[in-house]
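What follows draws every value from the coordinates through simple rules; no lab data is involved. Not measured: the values here are computed from a predicted model. Note that each Cβ is placed from the backbone with ideal geometry, even for glycine, and that neighbours are counted across all protein chains shown.
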Amino acid sequence: MAPNTGTTSADRPPAPTRLLKRVTTVPFLVTAGVLAVLLVAYTLAGFFLLPRLVAKYVPRYVQEHLERRAELGEVRVNPWLFTVEIKHFRLQEAESIDGTKALFDGTSLIGARR
């Protein structure tokens, strides 16, 4: 049998009151606020900033490291599903005679899932 601590269930406040007291403490509110800000920042960066960065830096990276020309159409990123969609991706040789020889001409790349 458990030892008697001297408190009864009548001495404790009801459960909703205890929960309200815990949720309204300063450390809990600060932690919840920081998590909310991080969640919003991750969402905004993933949907708006990352597609612009991909469209800007992928052609530059391909030019410098592969010595080819890359053209990108619309770039869409979903940070919640970890997907990247690139429409009208075209990879060409850097120094072609007529400029039309394509190494890869994909109308749409969908996926890049983990």
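Within the range 63-90, can you find the residues that are of a type in the set (A, V, I, L, M, F, W, C) and either crowded, with 17+ Cβ neighbours inside 10 Å or closer than 12 Å to L50 by Cβ (or both)?
Pass one, the range 63-90, residues of a type in the set (A, V, I, L, M, F, W, C): 66, 70, 72, 75, 77, 80-82, 84, 86, 89.
Within the range 63-90, A70, L72, V75, V77, F82, V84, I86, F89 qualify.
Looking at the range 68-83, I want the residues that are at positive phi and have a partner that is among the charged types (D, E, K, R) with Cβ atoms under 8 Å, at least 6 apart or on another chain. Which pairs are those?
F82/R113; F82/R114
For the range 69-84, how many residues meet the condition of being in a strand (DSSP E or B) and in contact with a Gly (Cβ under 8 Å, 6 or more places away or on another chain)? Steps first, please.
In the first step, residues of the range 69-84 are kept if they are in a strand (DSSP E or B); the result is 69-71, 75-78, 83-84.
Retained after the next criterion (residues that are in contact with a Gly (Cβ under 8 Å, 6 or more places away or on another chain)): 77-78, 83-84.
Looking only at that region, the number is 4.
Using beta carbons and a limit of 8 Å, which pairs, at least six apart or on different chains, have the first residue in the range 21-42 and under 21 Å from P79 (Cα atoms) and the second one of a type outside the set (A, V, I, L, M)?
Listed by first residue and then by second, the contacts come to Y42/P79.
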